[in-house]
1. Looking only at the range A:175-221, filter to residues that are hydrophobic (A, V, I, L, M, F, W, C) and out of contact with any helix residue (DSSP H, G or I) (no Cβ under 6 Å at 6 or more places or on another chain); which one of those is nearest to A:Val154 (Cα to Cα)?
2. Within the set of pairs 6+ apart or on separate chains, which have a first residue in the range A:381-398 that is more than 13 Å from B:Val52 (Cβ to Cβ), a second that is surrounded by 12 or more Cβ atoms within 10 Å (Cβ to Cβ) and among the aromatic types (Phe, Trp, Tyr), and C-beta atoms under 8 Å apart?
3. Checking A:Leu511 against (1) closer than 22 Å to B:Ala180 by Cα; (2) modelled with pLDDT of 90 or more; (3) open to solvent by 60 Å² or more (accessible area, probe 1.4 Å), only one condition comes out false. Which one?
4. Scan the range A:371-429 for residues that are among the basic types (Lys, Arg) and either at the interface with another protein chain (Cβ under 7 Å from one of its Cβ atoms) or buried (at least 17 other Cβ atoms within 10 Å of the Cβ) (or both) and jot them down.
5. Looking at (1) more than 30 Å from A:Tyr274 (Cα to Cα); (2) surrounded by fewer than 16 Cβ atoms within 10 Å (Cβ to Cβ); (3) among the charged types (D, E, K, R), which one does A:Arg210 not meet, given that it meets all the others?
6. Counting only residues that are open to solvent by 10 Å² or more (accessible area, probe 1.4 Å), give me the strands (runs of 3 or more DSSP E) lying completely in the range A:105-179 with at least 3 of them.
7. Checking the conditions here, which among B:Phe138, B:Phe160, B:Phe184 is in contact (Cβ under 8 Å) with a residue 40 or more places away in the chain, within 14 Å of chain A (Cβ to nearest Cβ) and over 32 Å from the mean Cα position of the chain (by Cα)?
8. Quick check on B:Val129: is it facing another protein chain (nearest Cβ under 7 Å), closer than 20 Å to A:Arg448 by Cα, among the β-branched types (Val, Ile, Thr) and in a strand (DSSP E or B)?
Amino acid sequence: MTGAPTFTRRLGALLGDTSRALIGVERGQGWARVLAPGGPPRAGASVREVVEALGLGGRSAAAMLEGSDVVVRRLTLPPMKGADLKAALALECRNLIGYPIEEAVIRHEVLGPSVQGTGIDVLVAVAPKRAISESIRALESAGLLPRRLTIRAVALRSLLRSARSLDMDEEVAYLDLGPRESHITIVRGDEIRFTRECGVGVASFIDALRSIVVPGQGVRLLDAGEAETLLLSHGVLGGGGEQPSSEIPASAVLVMLRPSLERLTRELWNSVDYVHEQFHGQTVSKIALLGETARVPGLASYLAGVLKMPVETVDSEPEGGTLAWGAVAGLSHLDPGAIDFLEPSNLGPLSRVAGAVQPRVAIAATALLLLSVSLPAEMSVQRERARVTDLERKLASVAPYADRVVRFREARSEEASSDAVMASLRGPTPPWAEVLRDLSHRVGPGARLTSVALVEPKPEDADAAAVAAAPGAVTIRIEGLVKRERLRPEAPLGGLMASLESSPYVDQVALVTCQAVAVAESRFVLEARLSGGGTP
Amino acid sequence: MTRSVRHPVVRLALLVLVLVVSTGAVRAVYVGPREREAAELKARYGSLAAKVDDLQRGIGDLAAWSNAHPAERAEATRGRQAPPARELVPAFLKALEPIAARHGIVTETIDPVGPPAEETVPGLSGRPVRLLRQSLRFRLRGAYRDIAEYVREVDGMSAFVMARTVALRYDGTGYPALQAEVRFDLYGAP
């Protein structure tokens, strides 16, 4: 048996009046493995003992609620929904139980349209509140956390759904043989059609053998252990094989078992007949035995012979052998929305949505959401850090030049300041050196300057004084000699004036006079305005 | 309590509550500080980027200036100085002598033009600058080009000096020598 650390998935508990069982199932991809306990529940072993032995305290557990007070029926009702359906079920259930309806808890599942097509089929389970509270207390006192509380038929259906192959058109009667009683559940595919409890269990066969009539010896009294050994060794119909050393013949055993076998057969036959009638001739095609069938050897052969239909024992497969454990194993596969006495009954659309949300999915979605919230922030910080680090590296590479740059800028700033002051001081005054140089370039070989002087405005000439006072309005008088070509100075003088006009330092070049002073030369006087355009 | 928690709506509400609380907690404990840190890092990045840009621009300017002025130190200042008023004329005359000698300029007369006068001019960014002006009129003799170069060098002195007016005249003797009358304005600290 595997220890607790690997026993991780689900835990099922059977809490019947006369039987107790605890089953853990570890689920993998498409298979399930029964982990504990290995054999049938030991007589007198409490769930708490098993929980402690396996170290399973604190685990969640699903349980089945059984007993004479627990009623399960398939009802056909007119089509209705919600509160109407609940009210109708309450009325119906009053007739099914032997205690006040106020003390009962009703749970139901709508199975679908009825066979007649005029109403709906509903699987209803009724249990006393007291039984539910006791089951919860029993699980809690065993150190388990009660999560689901359902009925055997629902657990069996979950078990069948978990099986790898399920023929949805096959109608099968499952006989779940328990220690004290058995359960007959007829399903078509995974649709529950009928379920009932039958008072014949393994103990019925053992009890029948405790007082056995042996031909030639009279009545032999056996204790429970001896009777169980005898049952295992002989089985029914001698299925266990005749033991040469046995003092009790198989025929004597069969005689003693026959009443219990006939009762079991009758129960099965009645159930099959009932379903045949209710579902318009759809009949059970085979009987499947599960539960503690190994303790009653030859039962399948006996039932097949009497009922004239195939009877098979659902035994353990290499991995999918959970069926062999009976409906208890189905507790580990319960579907959401299945009958559950621990779930409130008034489930609206919101509740259905809520019920459909799996905690693991919710946790995963929450984790994903939190991750999606926090990851961008983290990425943003990382990105900014990387950018800042890059920039710091770049700054470190240029930092050695910082002092030089500061000194350079201070020097240039001082220069700029000095230039600004100088420009303010200079005002409209032209850069004389540039003016002189420019004039010398513009006076060609045909002319020669003899005087360059500022024209001082005369006090009586108000207009000239005003012009001279204007910024940049400095007038200079240029005197010189120009060559006469064929006794005429016009061409060289015109060329000189045009050249001066194109200077960036003078404009408004005006001729004051030109007079011949020799055969080859004329004296000219020009006036021009100095402009600041050429100021460097 | 255990059974009420089992109700799907209560469970859903609890899940939503856990989601909201955990989202809030994550925002408060994890996302908030990181957003603040990211904002601080962004601000720091901006500051660093401005510093790096400024330095790189400065380095570029320095390199360009050094290429344009290969013989000069980039950190050395070339700004003009305003000497104290009492040193204004002596310092100018001392600085003028080698320039005149270099260009063969003959100085015939030096006359002050009026008394020293205070002037206020706008400096860089409009800040007023107070200076003391002293004007000197020089009568010189020299060739046209020499006089032009002489004026250019005086204009380029490291002091606040400029040729305010220049007049040239050929007096008919010793061509190419011309007679020049130049007025220099000198500016010093008041």
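The values are calculated or read from the model by the stated rules, or taken from the named source; none is laboratory data. Note that this is a predicted model, so its numbers are computed, not measured. Virtual Cβ from ideal backbone geometry, glycine too; neighbours counted across all protein chains shown. The protein model used for the area step is the full one, side chains on, heavy atoms only, and it has no ligands, DNA or RNA in it. Shrake-Rupley method; radii C 1.70, N 1.55, O 1.52, S 1.80 Å.
1. Once the filter is applied, the top-ranked residue is A:Val187.
2. A:Glu384/B:Tyr45
3. Among (1) closer than 22 Å to B:Ala180 by Cα; (2) modelled with pLDDT of 90 or more; (3) open to solvent by 60 Å² or more (accessible area, probe 1.4 Å), A:Leu511 violates only (1).
4. Those that are among the basic types (Lys, Arg) and either at the interface with another protein chain (Cβ under 7 Å from one of its Cβ atoms) or buried (at least 17 other Cβ atoms within 10 Å of the Cβ) (or both): A:Arg385, A:Arg387, A:Lys394, A:Arg404, A:Arg407, A:Arg409, A:Arg412, A:Arg426.
5. Of the numbered conditions (1) more than 30 Å from A:Tyr274 (Cα to Cα); (2) surrounded by fewer than 16 Cβ atoms within 10 Å (Cβ to Cβ); (3) among the charged types (D, E, K, R), the odd one out for A:Arg210 is (2).
6. So the answer is A:145-150.
7. Just a single option satisfies the conditions, and that option is B:Phe138.
8. So B:Val129 fails the test.
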